[in-house]
1. What is the Cα centroid distance between region 69-124 and region 1-42, reported in whole angstrom?
2. Quickly estimate the mean residue ellipticity at 222 nm for the chain, helices only: each DSSP H run with n ≥ 4 gives -39500 (n - 2.57), and the total goes over all residues, rounded to 500.
3. Would any residue of region 107-136 have its amide N under 16 Å from a label point 7 Å out along Cα→Cβ of residue 58? List them or say none.
4. How big is region 68-136 by Rg and Dmax over its Cα atoms, in Å?
5. In a Gaussian network model over the chain where Cα atoms closer than 10 Å are linked, find which of 57, 35, 97 has the largest mean-square fluctuation.
6. Looking at the square roots a ≥ b ≥ c of the eigenvalues of the Cα gyration tensor of region 1-51, which shape do they give, rounded for a/c under 1.5, prolate if a/b is larger than b/c, or oblate?
7. Could you work out the percent of alpha carbon pairs in the chain separated by over 24 Å, rounded to a whole number?
8. At a 10 angstrom cut-off on C-beta neighbours, averaged per residue, how do the peptides 74-87, 4-17 rank from highest to lowest?
């Protein structure tokens, strides 16, 4: 199943739902010690609820910037595909592009854009338009 992040009528395509889940699972395990939302509560709320208010989107942008920086300190092999089954590998296994050098640039949307940049654009649009950001 393919998912997007949407702000009003604007859709930001992501790709597979399990791919998006992997991003949030990786953040939870590698940056929050397995306690989802303990350090990045707005991002966790977006994933948990599938929606975030424009007021919360600004804080989520700050959290996203910190996650990108901190994820860049971890090798691509540290990706977590499924928090409930840490042994599960991504469908492509370890066959990744040479340009992926860390978890900070590991997550790329189905149309080839950096996931973190796409999410930041959606969160920014939410702040600017006053419309919630939704995972659909």
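1. A separation of 11 Å, based on Cα centres.
2. So the calculated ellipticity at 222 nm is -12000 deg cm²/dmol.
3. Of the residues in region 107-136, 123-133 have backbone N under 16 Å from the label point off residue 58.
4. For region 68-136, the Cα radius of gyration and maximum Cα-Cα distance read 14.2, 41 Å.
5. Answer for the Gaussian network model of the chain: 97.
6. Details: a/c = 3.16, a/b = 1.68, b/c = 1.88.
Verdict is oblate for region 1-51.
7. Within the chain, distances greater than 24 Å cover 23 percent of Cα pairs.
8. Answer by packing, highest mean first, reads 4-17, 74-87.
Read-outs: derived from the displayed coordinates by stated rules, not from any lab. On a predicted model such as this, the values are computed, not experimentally measured, just so you know. Glycine gets a Cβ as well: all are built from the backbone with ideal geometry, and neighbour counts include every protein chain shown.
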